[in-house]
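Here, each number is a calculation from the coordinates, and none is a lab measurement. Just so it is clear, the structure is predicted and the values come from calculations on it, not from any experiment. Counting neighbours? That spans all protein chains shown, and the Cβs are built from the backbone with ideal geometry, glycine included.
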Amino acid sequence: MKRISRHLTPYLDLGKQRWQQFNHREQSLLAVLAGVLFIAFLYFVIWQPSSQAVANAERQLAAQQQQYQWVQRAIARYKKLEESNSQQQSASGSVSQRINRAAAAQDIQIARLQPQGQEYLLSVDEVAFSDLLSFLAELEQRQGLALKAVDIAKLNTPGQVRLRKLLVSEAS
């Protein structure tokens, strides 16, 4: 520190001499000029770059948010497409294969599956009513089959029914 002040001392002395050579009015003008230069320095070196950095950050944030929204929409489209593909895949195969696949998904034992022209007649000896409803929904919604006729009988066991007749065909 002493080394620096030793080098600056002659310049400081010269500056003090020059300052004292100015009259009071010139000293006031120079003080105002120094204040204006200090404010200009603060504005151009500190304020303006920081405000530009904030504006750039806000633009980047808006761009990132737009990209995030685009990704969310793309994910939703992908899931919808994947779901429709899985429904199309599950509706592939012959009518009897789709009936057996739906029955296996609900753990239902088919007692009889008999083709009758373009339609299939099936029966189930004993099944829980809720499982039967799920099975019927699976046949219509996922397997793409049409239910033509249903005959259900109540059993003595609560919640259990017998599917006496279900007539199924390819949906039009």
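Note on the chain: with a GNM built from Cα contacts shorter than 10 Å, the maximum mean-square fluctuation among 32, 127, 161 falls on 32. Measuring r between the beta carbons of residue 149 and residue 125 and using R0 = 22 Å, the FRET efficiency lands at 0.75. Relative to the current alpha-carbon distance between residue 33 and residue 79, full extension at 0.36 nm per residue lengthens the span by 9.9 nm. Phi angles across the range 53-59 convert, under the Karplus curve 6.51 cos²θ - 1.76 cosθ + 1.60 with θ = phi - 60°, into 3J(HN,Hα) values of 5, 5, 4, 4, 5, 5, 5 Hz, Gly and Pro given as x. In straight-distance terms, cross-link reach from residue 148 covers every one of the lysines whose alpha-carbon lies under 26 Å from its own, apart from those fewer than eight places away in the same chain; here that gives 165. Working note: Karplus 6.51/-1.76/1.60 with θ = phi - 60° gives the range 109-116 the couplings 8, 7, 7, 8, 9, 10, x, 9 Hz, where Gly and Pro are set to x. For the chain, the 222 nm mean residue ellipticity estimated from helices alone, with every DSSP H stretch of n ≥ 4 adding -39500 (n - 2.57) and the total spread over all residues, rounds to -21000 deg cm²/dmol.
The slack in the chain from residue 60 to residue 160, taken as 0.36 nm per residue of separation less the alpha-carbon distance, amounts to 29.8 nm. Considering only 28, 100, 45, the residue lying farthest towards the positive end of the dipole of the range 1-110 is 28, judged by Cα position with unit charges set on Cβ. Using the Cβ-Cβ distance between residue 92 and residue 68 with R0 = 25 Å, the FRET efficiency computed as 1/(1 + (r/R0)^6) comes to roughly 0.10.
Rounded to the nearest 20, the Cβ-based charge dipole of the chain about its Cα centre (Lys and Arg +1, Asp and Glu -1) stands at 1120 debye.
Here the range 30-55 and the range 112-172 have alpha carbon centers that stand 82 Å from each other. Per residue, the convex hull around the alpha carbon atoms of the chain comes to 292 Å³. Between residue 23 and residue 47, the distance separating the two model label sites (each 7 Å from Cα on the Cα→Cβ line) works out to 3.4 nm.
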